[in-house]
1. Rounded to two decimals, what ratio of Rg to Rh does the chain give with C-alpha atoms and a Kirkwood Rh?
2. Two-decimal Rg/Rh of segment 99-245 from alpha-carbon positions, Kirkwood Rh?
3. Compute the FRET efficiency between residue 508 and residue 556 as 1/(1 + (r/R0)^6), taking r as their Cβ-Cβ distance and R0 = 51 Å, and round to the nearest 0.05.
4. What order do you get for 244-253, 273-282 when each peptide is scored by the mean count of other beta carbon atoms within 10 Å, highest first?
5. Once you place label points 7 Å from the Cα toward the Cβ at residue 126 and residue 354, how far apart are they in nm?
6. Taking the Cα atoms of segment 1-118, what is the range of coordinates along each of the three principal axes, in descending order and whole Å?
7. Where in segment 22-121 are there GluC sites (Glu not before Pro) that are in a DSSP coil and have at most 15 other Cβ atoms within 10 angstrom of their Cβ?
8. Under 8 Å for C-alpha pairs, at least 6 residues apart: give me the relative contact order for the chain, rounded to a whole percent.
Amino acid sequence: MTSSSLDAAESTLHRVFGFERFRAGQAEIVQALLEGEDVLAVMPTGSGKSLCYQLPAILRDGLTVVVSPLIALMRDQVRQLQGFGVNAASLNSANDETENQRVYRDLRDGSLRLLYVAPERLVRSDTVALLKRSGASLLAIDEAHCVSQWGHDFRPEYLALGQIRAELGGITTIALTATADAPTRADIVQKLFSGQEGKGGPRTFIRSFDRPNLHLMMQPKASAKKQIGDFIGARRGMSGIVYCSSRKRTEDLAAGLNAMGHTALAYHAGMEQRQRDANQDTFLREDGVVMVATVAFGMGIDKPDVRYVCHADMPRNVEAYYQEIGRAGRDGLPAETLTLYGLDDMRLRRLQIEEGEASDERKRIERQRFNALIALCESPRCRRQTLLAYFGESSEPCGHCDLCQDGVARFDGTTEAQKALSAMMRTGQRYGTEHLVQILLGNNTDAILRSEHDRLPTFGVGKDRDANSWRSIFRQLYGAGLIELDIAGHGGWFITDAGRLVLRGQSKVEMRLESLSAKRDRSRRSGSSMAEAALQPSDQRLLSALKDLRRQLATELQQPAYVIFSDRTLLELAAKRPTSLYRLTDIHGIGQAKLERFGQAFLDVVLAHEDNRAA
């Protein structure tokens, strides 16, 4: 990109989007696309992936076609672009005839800059013909890991995109994803970019996976409803997502949170479509709503002011965990995550892998990925270090995850491991955790214990610890690969080769005491609430008035509040108190279209508060 074209891109960035400068990594990708190069971009959620193709779409000739996996994502992106004054639209099954006619008209006259389509729509021959006639010149494939059999969210309909790209004349293409390890990246390149005569492979840009604004916290599961309730209770009035492993669990937990006085909504694939859409729209438009959902909710949801993400149950693997927590703090302000985990979660996930229809090789990889998640949960070192190491990055301790802040004590757990392993061995490696814990504690209330096991040498050898400590030890033995679950058989634990070395005293085990963070009722301020607390009282009153105006406009326009202005924009307005429309252009997120549409109304609120303060 020449200096003049870079200047033009930066000027458009400020004029249209109201952003002062590119985020790290964006300028290079924009440059490559403007020069006609293909791109594979691996960037963390919240780092501004969408702008990497939206800005070139405005600057390049021709139509940009965006492949998106979900209607909700399309609607969200289109609304935001239209709010910035960019002519964007989508073709999907939720459109009415009037909307479709408008899209076709804008395609014919060449005024449409971006068209969002689902892969199922794109593979239709009439859609390909329409895009050819409309001068499609750039193809953007969002959530590109869906094309790979090694990706954590493989979708067969994505497999046709390479052929569709060829039918469109091998147009410039950008594939974007937040999570793609080396095998997944190689598969994306092979599936999307091979077989194009005269073209080499794409330029690959891999940003750091670090999201320093996210506070990472994990806790062993005790009473999930109480743990989640306490966590959300300390963050009342903030928007958040709680992920659950089953549809029934989302409904039960949402009902429980509502009973605690929160505004909580359920979301899962088994709900009626109209109700799902209504709940999602409420979450997007209103502040302080808790969405309790299965993983059916959230891919590409671009609500920037989600202040926390909780997992009431363990995610599928590290990639899924990373993708899901990435929906918090997309505005760059601090946000928090809490993940609960337990042996029942581990058993369920293992069962899902083993009973799935995937190939043996696919199952092997899924086991490895899930083992990495267990290690992240039970690791005694900095969460961020462990997470980034999984993605091949090294880092210093972050200083602000739960383990860094609260500390965790480590100890030589070899003796404890040998006690647990001996109890397993002497009972024939047939029993699960709870049965073994009772043996170690010397409890003989169980009929089987009374009849068979109360005379074992290991009966009662663990009385110096309580049941929760022994449950933690079994999780850590599992995470360290010393024991495995017999999923195909009776569901009990059996000892691995590595575990036998420990049992014979030929290897040692370091363990962690339960993190102090799991025992504290920590009430933290998060994200925009911390920024609000830093404002002077008069500024806080102004911020409240600005939020009231935003809520009123969002209701009138039937748009999410953040499509009007983001929290960051309102915080800057309250802190800087601009005195003219011209000065509003110095505020983050106020581009020309939003200045013309909303500027005077928000300026009037600022000036009115200035007058009141002066009086």
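Any read-out appearing in this document is the output of simple, stated calculations on the displayed coordinates, not a laboratory observation. The model shown is predicted, which means the values in this text are computed figures rather than measured ones. Because the Cβ atoms are built from the backbone with ideal geometry, glycine has one as well, and the counts that use them run over all protein chains shown.
1. Rounded to two decimals, Rg over Rh is 1.01.
2. 1.10
3. E between residue 508 and residue 556, to the nearest 0.05, is 0.15.
4. On the way: 244-253: 19.0, 273-282: 15.2.
Highest to lowest by the protection proxy: 244-253, 273-282.
5. For the pair residue 126/residue 354, the computed spacing is 4.9 nm.
6. Taking max minus min along each principal axis of the Cα atoms, segment 1-118 gives 44, 31, 27 Å.
7. 35
8. 14 percent
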